[in-house]
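Q: A single structure is presented below for examination.
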Amino acid sequence: MATSLRTPSFTSCSASSTDTDDEGVRGTCEDASMCKRFAVSLGYWHDPYIQHFVRLSKERKAPEINRGYFARVHGVSQLIKAFLRKTECHCQILNLGAGMDTTFWRLKDEDLLPQKYFEVDFPMIVTRKLHSIKVKPFLSQPITELHSGDPLQIDGHLLDSKRYAIIGADLRDIPELEEKLKKCNMNPQLPTLLITECVLVYMSPEQSANLLKWAASSFETAMFINYEQVNMDDRFGQIMIENLRRRQCDLAGVETCKSLESQKERLLSNGWETASAVDMMELYSKLPQAEVSRIESLEFLDEMELLEQLMQHYCLCWATKGGHELGLKEITY
């Protein structure tokens, strides 16, 4: 039963809004944030910011969960940095369903910030994140020191500054989403990177298709990164679905998570010109050997088969549109 007990912890945040279902989804945001915080505390990767958003769990997370999060963070980060290098940071990033993500602060530390970084999530999650930013100078100073001119715009569900904005909105309501982003000076002319991590799977296939179509039609030059479940038709996938249902968390979009091919097809059929996908076990096998040796020395894993099963049920997908002169099509993991 180890599988059924452990698998739910490998999920993340989404932005949607029918209350009973959304409460379960918001709970996965908390789970994912605490899993990242725990892995960081063991030294899997460096993130001095996550501790200011999330408490350290008293419950020890399983080694396969920690390695899974390492692969996820590493994979998404590599694609983000590839896009930033191709565009020479003359771009914007939209992190949709961002939760307690700390990418903005870490990119600033590496001098790799885009022209503007946007985060969108449930208003309730945004309110909580904003509170942490407001009361902790370690989080607010990187934002304010990049801001000049007009005073910062800030209220319960919104912060807008020159280089960073966080917005409370429902990703299923495209007109509202677009209006709020434009109010925060989203620029459709800039090369744009959009990121979703375990977000689309909580939306119906029609709703996620609408979001993907909007993204493809709104920006001439764009890249989309999606991290979520895959191979969900087998027994292990069914256990994952059952576990989440028990927690009032329904994977409304799971039918598009059947295979890597179905993941790519969704992107290509909704306005994207190129699409690639790898499962996380393949990605893990391509990690730099020195990094693999380092993280595998952090704690003993006695069930390699469980790690492989878990990683084969998550994938990293990316799609591009335009940007031929920038070489966006060449970006790969």
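The values are calculated or read from the model by the stated rules, or taken from the named source; none is laboratory data. Since the model is a prediction, treat every value here as computed from it, not as a measurement. All Cβ positions, even for glycine, are placed from backbone atoms using ideal geometry, and neighbour counts span all protein chains on display. We work out accessible area using only protein heavy atoms, side chains counted, and drop any ligands, DNA or RNA first. Shrake-Rupley method; radii C 1.70, N 1.55, O 1.52, S 1.80 Å.
Q: May I ask you to verify whether residue 125 is touching a strand residue (DSSP E or B) at 6+ places or on another chain (Cβ under 9 Å), in contact (Cβ under 8 Å) with a residue 24 or more places away in the chain and within 24 Å of residue 227 (Cα to Cα)? Write out each step before concluding.
A: Numbers: touching a strand residue (DSSP E or B) at 6+ places or on another chain (Cβ under 9 Å): yes; in contact (Cβ under 8 Å) with a residue 24 or more places away in the chain: yes; within 24 Å of residue 227 (Cα to Cα): yes.
Yes; evaluated as a whole, the condition is true for this residue.
Q: For the stretch 129-143, does any single residue satisfy the condition of being part of a loop (DSSP other than H, G, I, E, B), open to solvent by less than 10 Å² (accessible area, probe 1.4 Å) and of a type outside the set (Lys, Arg)? Talk me through it step by step, then tell me what you get.
A: First, pick out the residues of the stretch 129-143 that are part of a loop (DSSP other than H, G, I, E, B): 136.
Checking which are open to solvent by less than 10 Å² (accessible area, probe 1.4 Å) leaves us with none.
Within the stretch 129-143 (the criterion being part of a loop (DSSP other than H, G, I, E, B), open to solvent by less than 10 Å² (accessible area, probe 1.4 Å) and of a type outside the set (Lys, Arg)), the answer is no, since none of the residues qualifies.
Q: Out of 301, 283, I need the residue that is touching a residue at least 12 places away in the same chain (Cβ under 8 Å) and outside any helix (DSSP H, G or I). Which one? Break it down into steps so the answer makes sense when it comes.
A: Details: 283 fails: outside any helix (DSSP H, G or I).
So the residue among 301, 283 that is touching a residue at least 12 places away in the same chain (Cβ under 8 Å) and outside any helix (DSSP H, G or I) is 301.
Q: Can you tell me which residues in the stretch 220-250 are crowded, with 21+ Cβ neighbours inside 10 Å and either touching a Phe, Trp or Tyr at 6+ places or on another chain (Cβ under 9 Å) or of a type in the set (Asp, Glu) (or both)?
A: 222, 223, 224, 225, 226, 227, 228, 229, 230, 240, 249, listed by residue number.
Q: Just the residues that are farther than 19 Å from residue 62 by Cβ and among the β-branched types (Val, Ile, Thr), please, taken from the stretch 263-304.
A: Hits for the stretch 263-304 are 274, 278.
Q: Scan the stretch 181-225 for residues that are of a type in the set (D, E, K, R) and either free of Cβ contacts under 8 Å to residues at least 60 places away in the same chain or assigned to a strand (DSSP E or B) (or both) and jot them down. Spell out the reasoning first.
A: Step one: of the stretch 181-225, the residues of a type in the set (D, E, K, R) are 182-183, 197, 206, 213, 220.
Residues satisfying the conditions are 182, 183, 197, 206, 213.
Q: Quick check on residue 273: is it open to solvent by 80 Å² or more (accessible area, probe 1.4 Å) and among the charged types (D, E, K, R)? Explain how you work it out, then say what you get.
A: Working: open to solvent by 80 Å² or more (accessible area, probe 1.4 Å): yes; among the charged types (D, E, K, R): yes.
Yes, satisfied.
Q: Can you tell me which residues in the stretch 182-209 are buried (at least 21 other Cβ atoms within 10 Å of the Cβ) and within 23 Å of residue 115 (Cα to Cα)? Working first, answer last.
A: So the first thing to find is which residues in the stretch 182-209 are buried (at least 21 other Cβ atoms within 10 Å of the Cβ), and the list is 191-203, 208.
The answer is 191, 192, 193, 194, 195, 196, 197.
Q: So, in the stretch 112-128, of the ones that are part of a helix (DSSP H, G or I) and of a type outside the set (A, V, I, L, M), which residue ends up most open to solvent (accessible area, probe 1.4 Å)?
A: 128
Q: Using the structure shown, decide if residue 168 is touching a strand residue (DSSP E or B) at 6+ places or on another chain (Cβ under 7 Å), on the phi > 0 side of the Ramachandran plot and touching a residue at least 40 places away in the same chain (Cβ under 8 Å).
A: On the way: touching a strand residue (DSSP E or B) at 6+ places or on another chain (Cβ under 7 Å): yes; on the phi > 0 side of the Ramachandran plot: no; touching a residue at least 40 places away in the same chain (Cβ under 8 Å): yes.
No; evaluated as a whole, the condition is false for this residue.
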